[in-house]
Amino acid sequence: AELEQKRAGNIFQARNAFYDAERKSIEDYVEEYLLTRAAKAENLTAEQLLEKHVTSVIAKDPSEETLRIYYEGVDTKEPFEAVRGQILDHIRQVRIAKAKLAYMQSLRSQAKVVVRLTAPRAQVSLEGTPVRGVENAPVVIVEYSDYECPYCQQTQPVLDRVEAEYKGRIAFAYKDLPLPMHPHAQKAAEAAHCADAQGKYWQYHDLLFKNRQLEIPQLKESARTLGLDSKKFDECLDSGAQAEAVKAQAADGQALQLQGTPSFLINGRFFPGVLTYEQFRAVIEEELQSGPS
């Protein structure tokens with residue numbers, strides 16, 4: 001119990017890796033089971049079933065003109081004739097994969113499949129962490145991020161959409177994890193906390209992701225754009241008054257052995273890297289349906 005309380009982060013990533021392996025094994029088993037059941041119903045083997053419902057229904061091969069257009073976008077010095085077969089095979093494989101995915105989704109929609117495997121969850125303190133959204137929200141998204149990280153910038157429009165669609169049902173928390181290879185990230189994070197001292201953390205946070213202006217003079221100009229007290233803001237930023245606050249949040253991420261940004265904890269469940277809107281939505285809906293954990 002003491003280990004779980006004080007050193008849970010040390011084994012959190014190992015538990016996630018094991019969970020991912022278990023989940024993949026379950027999904028593979030479900031697919032195999034559904035294929036076998038559907039094949040039996042049609043007096044076919046699984047291979048014959050896929051040939052009937054997947055391979056035989058994909059579109060005919062693309063025209064020579066289409067293949068040549070595709071070739072122009074390929075990074076190769078080989079002549080078209082030398083790679084034509086590879087291009088055609090690749091297009092076929094992509095089409096088969098998409099057709100199989102659609103077919104498996106149709107089989108799954110007709111079945112009652114419930115996966116009760118419990119995901120690992122990390123306990124994350126939000127003390128001193130900026131949070132927006134409803135209090136006691138059923139779903140809390142915690143992002144460990146870096147203002148200079150291009151992947152974090154890429155994710156921001158998706159997060160904006162998620163927050164807008166689930167307004168009133170989720171809360172969003174932002175934790176700083178400035179990476180050492182990004183020279184402007186630390187000061188940008190401090191600047192956001194300096195803005196927080198004047199009650200405009202989220203306005204400043206959103207502006208940084210929008211304008212991506214992270215040089216010290218630019219950070220100060222962003223504060224002026226938002227109507228902050230320039231003298232107080234500049235003193236706060238120049239003095240490093242918020243440096244320890246940023247380091248404290250980064251320490252939380254390091255304790256969880258987070259390897260990069262963005263990293264998300266959705267009700268404590270770990271999701272690394274850039275997530276699509278559909279991925280966010282799937283997890284949020286799952287958490288809303290499952291109720292308090």
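The values are calculated or read from the model by the stated rules, or taken from the named source; none is laboratory data. Keep in mind that this is a model prediction, so the values were computed, not measured. Every residue, glycine among them, receives a Cβ derived from its backbone with ideal geometry; neighbour counts consider all protein chains shown. In case anyone asks, the SASA skips ligands and DNA or RNA and just uses the protein heavy atoms, side chains included. Shrake-Rupley method; radii C 1.70, N 1.55, O 1.52, S 1.80 Å.
Sort out for me the helices (runs of 4 or more DSSP H) sitting completely within segment 1-75 that have 3 or more residues that are open to solvent by 70 Å² or more (accessible area, probe 1.4 Å) and farther than 28 Å from ALA111 by Cβ. Please lay out each step first, then the result.
Working: elements: 2-41, 46-53, 64-72.
Where helices (runs of 4 or more DSSP H) fall fully within segment 1-75 and carry at least 3 residues being open to solvent by 70 Å² or more (accessible area, probe 1.4 Å) and farther than 28 Å from ALA111 by Cβ, they are 2-41, 64-72.
For segment 281-293, which residues satisfy the criterion of being assigned to a loop (DSSP other than H, G, I, E, B) and open to solvent by 50 Å² or more (accessible area, probe 1.4 Å)?
First pass over segment 281-293, keeping only residues assigned to a loop (DSSP other than H, G, I, E, B): 291-293.
Matches in segment 281-293: PRO292, SER293.
The set of residues in segment 166-181 that are within 18 Å of VAL283 (Cα to Cα) and in contact (Cβ under 8 Å) with a residue 40 or more places away in the chain comprises TYR166, ARG169, ILE170, ALA171, PHE172, ALA173. Counting the residues of segment 110-136 that are open to solvent by less than 60 Å² (accessible area, probe 1.4 Å) and charged (D, E, K, R) gives 1. Across segment 271-280, the qualifying residues are those that are aromatic (Phe, Trp, Tyr) and within 15 Å of GLN156 (Cβ to Cβ), and the one among them that is most open to solvent (accessible area, probe 1.4 Å) is TYR277.
A quick yes/no check of all residues on (1) aromatic (Phe, Trp, Tyr); (2) in contact with a helix residue (DSSP H, G or I) (Cβ under 6 Å, 6 or more places away or on another chain); (3) in a helix (DSSP H, G or I):
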residue	(1), (2), (3)
GLU81	no, no, yes
ASP89	no, no, yes
TYR103	yes, yes, yes
ALA122	no, yes, no
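Considering only segment 133-149, I want to know if a residue exists there that is charged (D, E, K, R), within 23 Å of ARG281 (Cα to Cα) and modelled with pLDDT under 95. So far as segment 133-149 goes, yes, one or more of its residues are charged (D, E, K, R), within 23 Å of ARG281 (Cα to Cα) and modelled with pLDDT under 95.
Yes/no matrix, rows are residues, columns are (1) among the charged types (D, E, K, R); (2) within 19 Å of ASP206 (Cβ to Cβ):
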site	(1), (2)
GLY128	no, no
VAL131	no, yes
TYR144	no, yes
GLN156	no, yes
HIS184	no, yes
GLU190	yes, yes
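Looking across segment 134-150, just one residue is outside any helix (DSSP H, G or I) and without any contact (Cβ under 8 Å) to a residue 24 or more places away in the chain, and that is ASN136.
For segment 81-99, indicate whether the set of residues that are under 30 Å from ALA195 (Cβ atoms) and either exposed (fewer than 15 other Cβ atoms within 10 Å of the Cβ) or not small (Gly, Ala, Ser) (or both) is non-empty. Even if it seems obvious, please write down each step before you answer.
Kept after step one, since they are under 30 Å from ALA195 (Cβ atoms), are these residues of segment 81-99: none.
For segment 81-99, residues under 30 Å from ALA195 (Cβ atoms) and either exposed (fewer than 15 other Cβ atoms within 10 Å of the Cβ) or not small (Gly, Ala, Ser) (or both): absent.
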